[in-house]
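Structure, as C-alpha coordinates:
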Amino acid sequence: MKNQRPAALVDRPALARHRARARLDQAGFLHDEARFELQERLIDVNRSFTRPAIVTPFPAEWDGFLPGAVVVPDAEVIDLAPGAQDLVIHAMGLHWADDPVGQIVQCRRALAPDGLFLAVCFAGETLGELRAALGQAEIETLGGLSPRIAPMGELRDLGGLLQRAGFALPVADSTRREVHYATLPDLMADLRAMGETNALASRHRAPTPRRLFRRAAEIYAAGFPAEGGRIRATFELAFLTGWTPHESQQKPLRPGSANTRLADALQTTEFDDTATPVLDREPD
(Lines give C-alpha, C1' and ligand atoms only; values in the text may rest on other atoms or scores of the structure.)
Protein backbone atom coordinates (compact mmCIF):
# COMPACT_ATOMS: atom_id res chain seq x y z
CA MET A 1 0.00 0.00 0.00
CA LYS A 2 1.42 3.38 -0.98
CA ASN A 3 2.05 6.00 1.68
CA GLN A 4 -0.64 8.63 1.61
CA ARG A 5 0.28 12.27 1.84
CA PRO A 6 -0.80 13.78 5.20
CA ALA A 7 -3.88 15.96 5.12
CA ALA A 8 -3.03 19.61 4.58
CA LEU A 9 -3.16 21.84 7.63
CA VAL A 10 -3.72 24.98 5.58
CA ASP A 11 -6.30 25.86 2.94
CA ARG A 12 -3.83 27.43 0.50
CA PRO A 13 -6.43 29.15 -1.75
CA ALA A 14 -8.05 30.75 1.30
CA LEU A 15 -4.67 31.84 2.64
CA ALA A 16 -3.81 33.36 -0.73
CA ARG A 17 -7.08 35.32 -0.71
CA HIS A 18 -6.43 36.61 2.80
CA ARG A 19 -2.92 37.70 1.88
CA ALA A 20 -4.12 39.38 -1.31
CA ARG A 21 -6.56 41.47 0.74
CA ALA A 22 -3.94 42.42 3.34
CA ARG A 23 -3.37 46.10 4.02
CA LEU A 24 0.06 46.20 5.56
CA ASP A 25 0.15 49.96 5.01
CA GLN A 26 -2.41 50.00 7.83
CA ALA A 27 -1.27 47.04 9.94
CA GLY A 28 2.34 46.32 9.03
CA PHE A 29 3.86 47.19 12.40
CA LEU A 30 4.90 43.59 13.11
CA HIS A 31 6.72 43.46 9.77
CA ASP A 32 8.46 46.69 10.81
CA GLU A 33 9.51 45.01 14.04
CA ALA A 34 10.71 41.93 12.18
CA ARG A 35 12.82 44.03 9.81
CA PHE A 36 14.38 45.95 12.71
CA GLU A 37 15.29 42.74 14.56
CA LEU A 38 16.72 41.12 11.44
CA GLN A 39 18.81 44.21 10.72
CA GLU A 40 20.21 44.04 14.26
CA ARG A 41 21.19 40.41 13.73
CA LEU A 42 22.86 41.18 10.41
CA ILE A 43 24.86 43.98 12.06
CA ASP A 44 26.01 41.50 14.74
CA VAL A 45 27.17 39.05 12.05
CA ASN A 46 29.48 41.76 10.67
CA ARG A 47 29.76 40.27 7.20
CA SER A 48 28.91 41.61 3.75
CA PHE A 49 26.46 39.59 1.67
CA THR A 50 26.48 40.02 -2.09
CA ARG A 51 23.84 37.44 -3.12
CA PRO A 52 20.91 37.76 -0.70
CA ALA A 53 17.42 36.38 -1.21
CA ILE A 54 14.17 36.89 0.69
CA VAL A 55 11.40 34.28 0.77
CA THR A 56 8.11 35.87 1.81
CA PRO A 57 4.37 35.86 1.11
CA PHE A 58 4.49 39.68 1.11
CA PRO A 59 7.05 40.63 -1.58
CA ALA A 60 5.93 44.27 -1.85
CA GLU A 61 6.45 44.71 1.88
CA TRP A 62 9.97 43.22 1.85
CA ASP A 63 11.24 44.49 -1.49
CA GLY A 64 14.08 46.89 -0.77
CA PHE A 65 14.93 45.51 2.66
CA LEU A 66 18.31 44.37 1.33
CA PRO A 67 19.92 46.05 -1.70
CA GLY A 68 19.94 43.74 -4.69
CA ALA A 69 18.06 40.95 -2.95
CA VAL A 70 16.05 38.43 -4.95
CA VAL A 71 12.50 38.33 -3.50
CA VAL A 72 10.48 35.15 -4.12
CA PRO A 73 7.19 33.80 -2.70
CA ASP A 74 7.03 31.07 -0.07
CA ALA A 75 5.59 28.59 -2.57
CA GLU A 76 5.67 24.84 -2.00
CA VAL A 77 8.69 24.81 -4.32
CA ILE A 78 10.84 27.88 -3.64
CA ASP A 79 12.21 29.49 -6.80
CA LEU A 80 15.90 29.65 -5.86
CA ALA A 81 18.75 27.87 -7.61
CA PRO A 82 20.95 25.50 -5.57
CA GLY A 83 23.99 27.20 -4.02
CA ALA A 84 23.19 30.55 -5.60
CA GLN A 85 22.83 32.69 -2.46
CA ASP A 86 25.06 33.64 0.45
CA LEU A 87 22.09 34.85 2.57
CA VAL A 88 18.48 33.65 2.61
CA ILE A 89 15.80 35.24 4.80
CA HIS A 90 12.44 33.51 5.24
CA ALA A 91 10.16 36.34 6.32
CA MET A 92 6.77 36.11 8.03
CA GLY A 93 5.43 33.02 6.32
CA LEU A 94 6.84 29.93 8.03
CA HIS A 95 4.00 29.73 10.58
CA TRP A 96 1.57 28.94 7.72
CA ALA A 97 3.74 26.26 6.10
CA ASP A 98 2.33 22.73 5.90
CA ASP A 99 5.94 21.54 5.70
CA PRO A 100 8.17 24.00 7.56
CA VAL A 101 11.14 21.63 7.48
CA GLY A 102 10.79 21.39 3.71
CA GLN A 103 10.78 25.17 3.43
CA ILE A 104 13.94 25.43 5.52
CA VAL A 105 15.68 22.58 3.66
CA GLN A 106 15.02 24.35 0.35
CA CYS A 107 16.54 27.54 1.77
CA ARG A 108 19.62 25.57 2.87
CA ARG A 109 20.02 24.09 -0.61
CA ALA A 110 19.88 27.58 -2.10
CA LEU A 111 22.82 28.65 0.07
CA ALA A 112 26.51 28.34 -0.72
CA PRO A 113 28.78 26.81 1.95
CA ASP A 114 29.07 29.07 5.01
CA GLY A 115 25.90 30.88 3.90
CA LEU A 116 23.55 32.40 6.45
CA PHE A 117 19.88 31.50 6.92
CA LEU A 118 17.56 33.76 8.91
CA ALA A 119 13.85 33.24 9.47
CA VAL A 120 11.20 35.20 11.33
CA CYS A 121 7.69 33.94 11.98
CA PHE A 122 4.97 33.98 14.60
CA ALA A 123 5.55 31.61 17.52
CA GLY A 124 3.80 29.94 20.43
CA GLU A 125 2.49 32.82 22.54
CA THR A 126 0.96 34.67 19.59
CA LEU A 127 -2.75 35.43 20.13
CA GLY A 128 -2.90 33.26 23.23
CA GLU A 129 -5.54 35.57 24.68
CA LEU A 130 -7.73 35.36 21.58
CA ARG A 131 -7.38 31.58 21.47
CA ALA A 132 -8.55 31.30 25.10
CA ALA A 133 -11.46 33.73 24.73
CA LEU A 134 -12.78 32.18 21.52
CA GLY A 135 -12.41 28.66 22.90
CA GLN A 136 -14.36 29.40 26.06
CA ALA A 137 -17.03 31.33 24.16
CA GLU A 138 -17.48 28.52 21.64
CA ILE A 139 -17.87 25.91 24.36
CA GLU A 140 -20.47 28.06 26.12
CA THR A 141 -22.48 29.06 23.06
CA LEU A 142 -22.08 26.13 20.66
CA GLY A 143 -21.12 23.27 22.98
CA GLY A 144 -17.80 22.43 21.33
CA LEU A 145 -14.54 23.63 19.83
CA SER A 146 -13.44 24.24 16.24
CA PRO A 147 -10.08 25.30 14.77
CA ARG A 148 -10.00 29.10 14.69
CA ILE A 149 -6.32 30.03 15.20
CA ALA A 150 -3.41 28.26 13.54
CA PRO A 151 -1.15 26.30 15.91
CA MET A 152 2.09 28.19 16.55
CA GLY A 153 5.38 26.37 17.05
CA GLU A 154 7.12 26.63 20.39
CA LEU A 155 10.59 28.17 20.27
CA ARG A 156 12.39 24.92 21.16
CA ASP A 157 10.56 23.04 18.40
CA LEU A 158 11.30 25.77 15.87
CA GLY A 159 14.98 25.66 16.80
CA GLY A 160 14.92 21.90 16.24
CA LEU A 161 13.85 22.49 12.64
CA LEU A 162 17.24 24.07 11.94
CA GLN A 163 19.04 20.93 13.05
CA ARG A 164 16.70 18.68 11.09
CA ALA A 165 17.39 20.78 7.99
CA GLY A 166 21.16 20.32 8.42
CA PHE A 167 22.22 23.79 9.54
CA ALA A 168 25.31 24.35 11.66
CA LEU A 169 25.48 26.68 14.68
CA PRO A 170 21.67 26.86 15.07
CA VAL A 171 20.18 29.58 17.26
CA ALA A 172 16.53 30.31 18.06
CA ASP A 173 15.29 33.28 20.05
CA SER A 174 12.14 35.36 20.23
CA THR A 175 10.72 38.75 21.10
CA ARG A 176 7.23 39.53 22.40
CA ARG A 177 5.08 42.51 21.59
CA GLU A 178 1.96 43.38 23.60
CA VAL A 179 -0.52 45.44 21.59
CA HIS A 180 -3.56 47.18 23.06
CA TYR A 181 -6.89 47.44 21.26
CA ALA A 182 -10.11 49.25 22.08
CA THR A 183 -12.28 46.19 21.39
CA LEU A 184 -12.15 42.64 20.06
CA PRO A 185 -13.53 43.75 16.65
CA ASP A 186 -10.58 46.17 16.38
CA LEU A 187 -8.15 43.29 16.95
CA MET A 188 -9.96 41.17 14.35
CA ALA A 189 -9.82 44.05 11.86
CA ASP A 190 -6.04 44.30 12.36
CA LEU A 191 -5.64 40.55 11.77
CA ARG A 192 -7.57 40.87 8.50
CA ALA A 193 -5.36 43.78 7.45
CA MET A 194 -2.30 41.63 8.26
CA GLY A 195 -3.60 38.77 6.10
CA GLU A 196 -3.51 36.53 9.18
CA THR A 197 -7.13 35.40 9.61
CA ASN A 198 -8.26 31.77 9.81
CA ALA A 199 -7.15 29.73 6.79
CA LEU A 200 -7.05 26.30 8.41
CA ALA A 201 -8.26 23.51 6.16
CA SER A 202 -10.34 22.02 8.99
CA ARG A 203 -12.12 25.25 9.92
CA HIS A 204 -15.92 25.38 10.01
CA ARG A 205 -17.24 26.83 6.76
CA ALA A 206 -20.68 27.84 8.08
CA PRO A 207 -21.13 31.47 9.19
CA THR A 208 -20.26 32.00 12.86
CA PRO A 209 -23.20 33.08 15.05
CA ARG A 210 -22.86 36.63 16.29
CA ARG A 211 -23.54 35.54 19.86
CA LEU A 212 -20.22 33.66 19.87
CA PHE A 213 -18.25 36.83 19.15
CA ARG A 214 -20.32 38.86 21.62
CA ARG A 215 -19.52 36.33 24.35
CA ALA A 216 -15.85 36.14 23.28
CA ALA A 217 -15.60 39.94 23.56
CA GLU A 218 -16.96 39.78 27.13
CA ILE A 219 -14.55 37.00 28.11
CA TYR A 220 -11.63 38.80 26.49
CA ALA A 221 -12.35 42.12 28.21
CA ALA A 222 -12.68 40.45 31.61
CA GLY A 223 -9.69 38.15 31.30
CA PHE A 224 -7.13 40.25 29.43
CA PRO A 225 -7.67 43.92 30.26
CA ALA A 226 -5.26 46.76 29.49
CA GLU A 227 -5.13 50.33 30.69
CA GLY A 228 -7.95 52.67 29.79
CA GLY A 229 -10.56 49.94 29.39
CA ARG A 230 -8.74 48.37 26.43
CA ILE A 231 -7.68 44.76 25.82
CA ARG A 232 -4.22 43.33 25.22
CA ALA A 233 -2.98 40.94 22.56
CA THR A 234 0.40 39.20 22.55
CA PHE A 235 2.46 38.58 19.42
CA GLU A 236 5.63 36.48 19.68
CA LEU A 237 8.14 36.69 16.84
CA ALA A 238 10.60 33.80 16.61
CA PHE A 239 13.98 34.32 14.92
CA LEU A 240 15.92 31.34 13.59
CA THR A 241 19.58 31.53 12.60
CA GLY A 242 21.74 28.85 11.01
CA TRP A 243 24.77 28.46 8.74
CA THR A 244 25.39 26.01 5.96
CA PRO A 245 28.27 23.79 7.08
CA HIS A 246 31.82 24.81 6.20
CA GLU A 247 35.23 23.61 7.40
CA SER A 248 36.09 27.08 8.73
CA GLN A 249 33.28 27.02 11.31
CA GLN A 250 33.81 26.25 14.98
CA LYS A 251 33.08 22.65 15.93
CA PRO A 252 32.37 21.13 19.35
CA LEU A 253 35.22 19.20 20.96
CA ARG A 254 35.10 15.42 20.96
CA PRO A 255 34.11 13.89 24.32
CA GLY A 256 37.22 13.25 26.41
CA SER A 257 39.44 15.63 24.43
CA ALA A 258 39.60 18.38 27.08
CA ASN A 259 43.05 19.20 28.51
CA THR A 260 41.76 20.66 31.79
CA ARG A 261 39.46 19.01 34.32
CA LEU A 262 36.29 20.91 35.21
CA ALA A 263 36.89 20.12 38.87
CA ASP A 264 40.25 21.92 38.74
CA ALA A 265 38.71 24.96 37.08
CA LEU A 266 36.02 25.11 39.77
CA GLN A 267 38.51 24.31 42.56
CA THR A 268 36.32 21.51 43.84
CA THR A 269 36.48 17.72 44.29
CA GLU A 270 35.72 15.26 41.49
CA PHE A 271 33.99 12.03 42.53
CA ASP A 272 33.97 8.77 40.62
CA ASP A 273 30.88 6.68 39.87
CA THR A 274 31.12 4.73 43.15
CA ALA A 275 31.51 7.72 45.46
CA THR A 276 28.89 8.78 48.00
CA PRO A 277 29.84 12.45 48.51
CA VAL A 278 27.78 12.97 51.68
CA LEU A 279 29.30 9.92 53.38
CA ASP A 280 32.84 10.46 52.05
CA ARG A 281 33.07 14.06 53.24
CA GLU A 282 35.40 14.70 56.17
CA PRO A 283 33.56 15.88 59.31
CA ASP A 284 33.79 19.61 60.09
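The values are calculated or read from the model by the stated rules, or taken from the named source; none is laboratory data. Not measured: the values here are computed from a predicted model. Ideal geometry is used to build each Cβ from the backbone, glycine not excepted, and the neighbour counts take in all protein chains shown. When the accessible area is computed, the model is the full protein with side chains, heavy atoms only, and any ligands, DNA or RNA have been set aside. Shrake-Rupley method; radii C 1.70, N 1.55, O 1.52, S 1.80 Å.
If you look at the Cα atoms of segment 18-66, you get an Rg and a Dmax of 12.5, 37 Å.
Overall size of segment 54-97 from C-alpha positions, given as principal axis extents largest first: 25, 23, 12 Å.
With all pairs of different C-alpha atoms in the average, the Kirkwood value for the hydrodynamic radius of segment 45-189 is 17.1 Å. Hydrodynamic radius of segment 1-117 by the Kirkwood approach over all distinct alpha-carbon pairs: 15.4 Å. Per-residue packing, averaged as other Cβ atoms within 10 Å, sorts the ranges 35-41, 53-59 into the order 53-59, 35-41, beginning with the highest.
The value of relative contact order for the chain, using C-alpha pairs under 8 Å at least six residues apart, is 23 percent. Accessible surface calculations at 1.4 Å, restricted to protein heavy atoms, place the chain at 58 Å² per residue. Residues of segment 56-98 falling in the label zone of ILE43, defined by backbone nitrogen less than 19 Å from a point 7 Å along Cα to beta-carbon, are 65-67. Dividing the C-alpha radius of gyration of the chain by 2.2 N^0.38 Å, with N its residue count, gives 1.26.
Gain on full extension, evaluated as 0.36 nm per residue between LEU169 and PHE36 minus their Cα-Cα distance, stands at 45.6 nm.
Once the chain from ALA20 to LEU142 is taken as fully extended at 0.36 nm per residue, the excess over their C-alpha distance is 40.8 nm. The slack in the chain from THR50 to ARG214, taken as 0.36 nm per residue of separation less the alpha-carbon distance, amounts to 53.8 nm. Counting only DSSP H runs of at least 4 residues, each contributing -39500 (n - 2.57), and dividing by the residue count of the chain, the helix-based mean residue ellipticity at 222 nm comes to -10500 deg cm²/dmol. For the chain, with all protein chains in place and a probe radius of 1.4 Å, 52% of the accessible heavy-atom surface sits on carbon or sulfur. The coefficient of translational diffusion for segment 128-180, derived via Stokes-Einstein from the alpha carbon Kirkwood radius under 10 °C and 1.306 mPa s, stands at 114 µm²/s.
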